[in-house]
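Below: the structure, in structure tokens.
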Amino acid sequence: MITILFFLVCVGFSDGANVTPSEGRRGKWQLLLNSTGVVGMHLALTYRNTVIMFDQTGAGPSSYKLRRRFNGSTCSRSRHDMMDSTCYAHSVEYDISTNKVRPLRLETDPWCSSGSFMSNGTLLQIGGNEKGAKRVRFFRPCENHRCDWMLSKKTLSDRRWYASSQLLPEHDRVVVVGGRRALTYEFVPKISPGEKSFDLPFLHQTNDRNEGGNNLYPFLHLSSDGNLFIFANRDSILLNLRRNKVIKTFPRIPGEGSRNYPSSGSSVILPLDHRDNFQKVEVMVCGGSSTGAFSAAAKRRFLEGLRSCGRMVITGDKNKWDMEHMPKPRLLHDMVILPRGDILIINGAERGSAGYDNARNASLEPFLYSPSKRLGARFTVLMSTKIARVYHSSATLLPDGRVLVAGSNPHGRYIFHNVAYPTELRLQAFVPYYMERRYHSLRPSNVTIEYSGTSHAIEYGNEFRVRFFLKRRPSNEMGFSAYAPPFTTHSFAMNQRMLKLRCRSLKRSGHGWVVAVLEAPPSSLVAPSGYYMLTVLNGGIPSMSQWVRFGHA
């Protein structure tokens, strides 16, 4: 057998040059389930290839009745119990492979909460409403489908309702920032018994008291220097958490209006790249509501949302917002990083704000944003859906390259008739063009990650091998991405992160098998310890992703 070495195809990340440029690339929609049973207000993909969805516990009866409440009393068939929210499940686990859901038990209300995955794949879920506002929950995925929510005995220092959280580089720790009437931040878990929250003047300064806050669910992004980028309303800072000190104040994003809840724009950190040693960190913020939109919606006037997007490099000394415009105004939307590094902007509305029945003109067409294209040519309008996804909708990337879309309920309870936007229980997937049959010959398949030794994690900076099959000779460039699955709710995918990995060598045999030697991220500053979806790209066409765990040995 003759082994051929390909060194040049391994140096960059594919720009999709081998793919037909524009026609027939609008994607399509799949209806997966007519009902998930509960609204997908919160969404998180686990490394077991299941998706956790949950709603508020006070939304009324779901499709899954429980035999007993958490206080132990029996749920009967009486009229009272048939309408009692505590007699129903408000969370489900969706199995991607079987396309089925199973109900889960939530003991306290996680309405408008936050979440992050820990290094072992456990979902740490924080805050909520009323009795859930200071609670911490855990969900550890399992193979036998018997795992369920666990409630921590330890509580938060402050009530966290509409807060955001970010996994940190050290100690398997999460920082939780903001929330309604919580202008502070704190850490979970606590290191010392007497540890409390820390006041954050930035949240006081960005609070629009008469407009519902406009600094709730602040956008958090971990910079590759270990500092925390925080965006709220229209302003942003870089916070050194070790010293509890703001080390940089960034320029205000240009234009009027606001970007955070209830104005509810969205934000991502653009993919980090090995070619600059992951040192260039660029943040993008898109959409939101016009000035006064929240109070106007209360009077049934629905102001047009924002079309503008801003990109800013937050590292280095030249920090400036570069502005551009989406094809249409948008708020209440989600921003999902696709395997190629493009950004999918999906769900949402064109007018109004977040809040019950506060939005109109549902955004039915996703937008694809290509960061590397020239200004003015970065947005593409994709295939329209017939299902409105407005307030309390969500989206997340799946390992096979589809985007799961769930939720939408602009009401305090489940209402299915005689309203502008009914409660939505249908589950969909948006299928990008790269999954079409005509690209199957380009798609890498049978991807296997080879671990060395007995460790289940690949240590930072170490080399590791990835084996895969190609029907054709590799394209001019191949790429390898690692994606951290987020916790998504209220238009923000917390902890979403993509890295373009360095490929050291690529070898192809005469039978179509290829072995790539890749280099793990250099540190937990670049890639906090945990599970990532590793994807092989050939000419812009992604493989089925496989789970890999990066961390300390």
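The table below lists the values:
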quantity: Residue list for segment 534-548, restricted to those being in contact with a Leu (Cβ under 8 Å, 6 or more places away or on another chain) and small (Gly, Ala, Ser); calculated: Gly539, Ser543, Ser545
quantity: Test: residue in segment 323-335 that is over 28 Å from Leu238 (Cβ atoms) and crowded, with 18+ Cβ neighbours inside 10 Å; calculated: yes
quantity: Test result for Val517, part of a strand (DSSP E or B), open to solvent by 10 Å² or more (accessible area, probe 1.4 Å) and either hydrophobic (A, V, I, L, M, F, W, C) or in contact with a helix residue (DSSP H, G or I) (Cβ under 9 Å, 6 or more places away or on another chain) (or both); calculated: yes
quantity: Every pair of residues 6+ apart whose Cβ atoms lie under 8 Å, when the first sits in segment 105-126 and is more than 20 Å from Gln56 (Cβ to Cβ) while the second is part of a strand (DSSP E or B) and modelled with pLDDT under 95; calculated: Ser119/Gly551
quantity: Looking only at segment 76-122, and only at residues there that are outside any loop (DSSP other than H, G, I, E, B) and small (Gly, Ala, Ser), the one that is farthest from the chain's Cα centre (by Cα); calculated: Ser85
quantity: Selection count, segment 211-233, where residues are over 21 Å from the mean Cα position of the chain (by Cα) and outside any strand (DSSP E or B); calculated: 3
quantity: Only listed residue being aromatic (Phe, Trp, Tyr) and closer than 22 Å to Val176 by Cβ, chosen from Phe231, Phe302, Phe294, Phe278; calculated: Phe231
quantity: Residue match in segment 236-243 (condition: open to solvent by less than 10 Å² (accessible area, probe 1.4 Å) and in contact with a helix residue (DSSP H, G or I) (Cβ under 6 Å, 6 or more places away or on another chain)); calculated: yes
quantity: Criterion: open to solvent by 20 Å² or more (accessible area, probe 1.4 Å) and either modelled with pLDDT of 95 or more or within 20 Å of the chain's Cα centre (by Cα) (or both) - qualifying residue of Phe379, Phe430; calculated: Phe379
quantity: Within segment 254-283, tally of residues that are within 20 Å of Asn319 (Cβ to Cβ) and surrounded by 21 or more Cβ atoms within 10 Å (Cβ to Cβ); calculated: 11
quantity: Complete set of residues in segment 485-514 that are of a type in the set (Val, Ile, Thr) and either under 29 Å from Pro169 (Cβ atoms) or assigned to a loop (DSSP other than H, G, I, E, B) (or both); calculated: Thr488, Thr489
quantity: Per-region count, segment 432-484, residues in a strand (DSSP E or B) and among the acidic types (Asp, Glu); calculated: 3
quantity: Qualifying residue in segment 246-260 (condition: in a loop (DSSP other than H, G, I, E, B) and under 18 Å from the mean Cα position of the chain (by Cα)); calculated: yes
quantity: Unique residue being assigned by the TED database to the domain that holds Asn49 and touching a Gly at 6+ places or on another chain (Cβ under 8 Å) when the list is Ala406, Ala420; calculated: Ala406
quantity: Count - residues of segment 476-494 that are open to solvent by 10 Å² or more (accessible area, probe 1.4 Å) and more than 22 Å from the chain's Cα centre (by Cα); calculated: 2
quantity: Any hit, segment 308-331, residues being without any contact (Cβ under 8 Å) to a residue 24 or more places away in the chain, part of a loop (DSSP other than H, G, I, E, B) and on the phi < 0 side of the Ramachandran plot; calculated: yes
quantity: Sole residue being at pLDDT 95 or above and open to solvent by 30 Å² or more (accessible area, probe 1.4 Å), chosen from Arg497, Arg465, Arg437; calculated: Arg465
quantity: Segment 58-73 - residue that is open to solvent by 30 Å² or more (accessible area, probe 1.4 Å) and within 28 Å of the chain's Cα centre (by Cα) and, of those, farthest from Arg413 (Cα to Cα); calculated: Tyr64
quantity: Among (1) assigned to a loop (DSSP other than H, G, I, E, B); (2) out of contact with any Lys or Arg (no Cβ under 6 Å at 6 or more places or on another chain), the one test that Met383 misses; calculated: (2)
quantity: In segment 405-427, residue farthest from the chain's Cα centre (by Cα) [restricted to those that are outside any loop (DSSP other than H, G, I, E, B) and touching a residue at least 60 places away in the same chain (Cβ under 8 Å)]; calculated: Leu427
quantity: Pair list, Cβ < 9 Å and 6+ apart or interchain, from segment 224-243 residues that are over 21 Å from His274 (Cα atoms) and in contact (Cβ under 8 Å) with a residue 60 or more places away in the chain to residues that are open to solvent by 10 Å² or more (accessible area, probe 1.4 Å) and among the small types (Gly, Ala, Ser); calculated: Leu241/Gly226
quantity: Subset of segment 398-416 (residues that are at pLDDT below 95 and buried (at least 17 other Cβ atoms within 10 Å of the Cβ)); calculated: Tyr414
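The values are calculated or read from the model by the stated rules, or taken from the named source; none is laboratory data. In this text the structure is predicted, and so the values were computed from the model without any measurement. Positions of Cβ are generated from backbone atoms using ideal geometry, with glycine treated the same way; all protein chains shown enter the neighbour counts. Protein only, heavy atoms only, side chains kept; ligands, DNA and RNA dropped before computing areas. Shrake-Rupley method; radii C 1.70, N 1.55, O 1.52, S 1.80 Å.
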